[in-house]
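Novice: Just passing along the structure, written as structure tokens.
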Amino acid sequence: MSQSLMTAYKDAVATPIGEARCLPFALYHDRSVFAPEAESLFHNDWVFACAEAKLADAGDYFALEIVREQVVIIRGKDGELRALSNNCRHRGTPLLDLGFGNAGKNIVCPYHAWTFDDKGSFRGAPFAGEVAIEKDDHCLPQYAVAVWKGLVFVNLADEPQPFSERIEGLDAYLEVFELDRFQHAYHLEAEYWNANWKLAVENGIESYHLFKVHKETLETMTPTKQAYYVAGSSEWTLTGGAIKDERSTLTKWLTGSHPEAYSQYVLLFLPPSLIAVIDYEGMHWIQILPTDAEHCEVIPGGLSQQPVKNFDSPEFQFTHAFLAEDKEICERVQRGMHSQKGEGGKLVSLEQILVDFRHYVGNRLFGTCPEPFREGERAALFLDPK
Ligand code: FES
Ligand SMILES: [Fe+2]
């Protein structure tokens, strides 16, 4: 990172609410900025991987790339969930295909068929001849894994921070939604956006753009002007809002114990990459994984009470429609970020969540002090249900 850009980044992410401005444009495409972000945020923090419900049986796995690192989450025959390096210990070939699958009895490399078990232990190498391959020296490295509310997270750090610290205080705000009811998971195809990951995150977490970008889609259900800040800090943030649909008439059919939550949603941002909208009927997320300084993968998924039977339903057409709107606007902004003359302006109150995101980045990249925890005026709605 060039010294002046690093200084500009450090100053920008430390700015308090009210003073905060759009980040310097170069931070959205400079490769020397992206490298420390990948290292400090994606290779040293808890990154969302997938829904645990998709990994129910022995051998079930989800393989993903976390900024060029090949990782697989796999259910062992002993029932344990593990996160392993997905690089073969022979010559580095990615072992299991990206996405979901079942590894069968063992993990077998597609190149020369070196074999590892579901704990990552080396099992054998065909045609090894006279060469002694030390078993203990050829196992797949294991990473830390955590499961929370049916979601699986992985941390590639050598000494990971306990996951419980990352979500401290969060559960209390989510009790009204009774998330344990959501046992069925879906993951949609990954999308590839020509946009820096921070643009995709910022767009995913702020409700300011709904009235303009999503006039015909999200704005009709979750209008900008009914969005509010619930609670948060640099570690996680919840915003919320009213759901404007037929739910008032649906209420009498819902059977939960917190009817006051039926007409509200919360948007959870667990940096660096998970953005989840939660309401009484389910949880729907996007997972944002950067591939380089100007591209990211966006993977939608969710949890619900009933299995999804039809991915062509109006509900999923709606999801595809608003994601297409987001992709288009993010790619448009990305073009703007290359301007040498352009300069961004102040953030408005509805963009407070962007400031939390910056404080997260600032803490990890520059070691600036964590921002104190804040609650919005509507926090009690979730904490103290009537
Ligand atoms: S690279 Fe995996 S067996 Fe050779
Ligand atoms: Fe959007």
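Novice: All but one of (1) in a strand (DSSP E or B); (2) more than 18 Å from residue 64 (Cα to Cα) hold for residue 143; which doesn't?
Specialist: Here residue 143 meets the rest and fails (2).
Novice: Within region 1-23, which residues are touching a residue at least 40 places away in the same chain (Cβ under 8 Å) and farther than 23 Å from residue 208 by Cα?
Specialist: Of everything in region 1-23, those that are touching a residue at least 40 places away in the same chain (Cβ under 8 Å) and farther than 23 Å from residue 208 by Cα turn out to be 9, 10.
Novice: Given the residues 108, 71, 47, which is the only one that is within 16 Å of ligand 1 (Cβ to nearest atom) and touching a Phe, Trp or Tyr at 6+ places or on another chain (Cβ under 9 Å)?
Specialist: When all the criteria are applied, what remains is 108.
Novice: Something else: Please pick out the residue among 364, 358, 378 that is in contact with a Phe, Trp or Tyr (Cβ under 6 Å, 6 or more places away or on another chain), among the charged types (D, E, K, R) and surrounded by 13 or more Cβ atoms within 10 Å (Cβ to Cβ). So that I can check it myself, show each step before the final result.
Specialist: Numbers: 364 fails: in contact with a Phe, Trp or Tyr (Cβ under 6 Å, 6 or more places away or on another chain); 358 fails: in contact with a Phe, Trp or Tyr (Cβ under 6 Å, 6 or more places away or on another chain).
Selected residue: 378, the only one of 364, 358, 378 that is in contact with a Phe, Trp or Tyr (Cβ under 6 Å, 6 or more places away or on another chain), among the charged types (D, E, K, R) and surrounded by 13 or more Cβ atoms within 10 Å (Cβ to Cβ).
Novice: Within the set of pairs 6 or more residues apart or between chains, which connect a residue that is closer than 30 Å to residue 284 by Cβ inside region 132-161 to a residue that is among the β-branched types (Val, Ile, Thr) and not in a strand (DSSP E or B) with Cβ atoms less than 7 Å apart?
Specialist: Cβ pairs passing all conditions: 148/167.
Novice: I'd like the residue in region 174-199 that is under 26 Å from residue 28 (Cα atoms) and not in a loop (DSSP other than H, G, I, E, B) and, out of all such residues, is farthest from ligand 1 (Cβ to nearest atom). It would help to see each step written out before you state the result.
Specialist: First, pick out the residues of region 174-199 that are under 26 Å from residue 28 (Cα atoms): 189-199.
Going one step further and asking which of them are not in a loop (DSSP other than H, G, I, E, B), we end up with 191-193, 197-199.
On the way: 191: 30, 192: 27, 193: 31, 197: 30, 198: 35, 199: 36 Å.
Result: 199.
Novice: Can you pull out the residues in region 108-153 that are closer than 23 Å to residue 51 by Cβ and exposed (fewer than 13 other Cβ atoms within 10 Å of the Cβ)?
Specialist: 142
Novice: May I ask you to list the residues in region 332-356 that are part of a helix (DSSP H, G or I) and either modelled with pLDDT under 95 or of a type in the set (A, V, I, L, M) (or both)? Talk me through it step by step, then tell me what you get.
Specialist: First pass over region 332-356, keeping only residues part of a helix (DSSP H, G or I): 332-336, 349-356.
The answer is 333, 349, 350, 351, 352, 353, 354, 355, 356.
Novice: Of the residues in region 27-65, how many are more than 16 Å from the chain's Cα centre (by Cα), farther than 19 Å from residue 271 by Cβ and of a type in the set (Asp, Glu)? Explain how you work it out, then say what you get.
Specialist: In the first step, residues of region 27-65 are kept if they are more than 16 Å from the chain's Cα centre (by Cα); the result is 27-36, 39, 53-61.
Cutting the leftovers down to farther than 19 Å from residue 271 by Cβ gives us 29-32, 53-61.
Those still in the list that are of a type in the set (Asp, Glu) too: 30, 57, 60.
The qualifying residues number 3.
Novice: Across region 129-147, what is the total count of residues that are over 19 Å from residue 87 (Cβ atoms) and either within 14 Å of ligand 1 (Cβ to nearest atom) or in contact with a Lys or Arg (Cβ under 9 Å, 6 or more places away or on another chain) (or both)? Write out each step before concluding.
Specialist: First, the residues of region 129-147 that are over 19 Å from residue 87 (Cβ atoms): 129-132, 146-147.
Next, from what is left, pick out any that are either within 14 Å of ligand 1 (Cβ to nearest atom) or in contact with a Lys or Arg (Cβ under 9 Å, 6 or more places away or on another chain) (or both): 131, 146.
Looking only at that region, the number is 2.
The values are calculated or read from the model by the stated rules, or taken from the named source; none is laboratory data. Just so we're clear, the structure is a prediction, and the values are computed from it rather than from any experiment. Ideal geometry is used to build each Cβ from the backbone, glycine not excepted, and the neighbour counts take in all protein chains shown.
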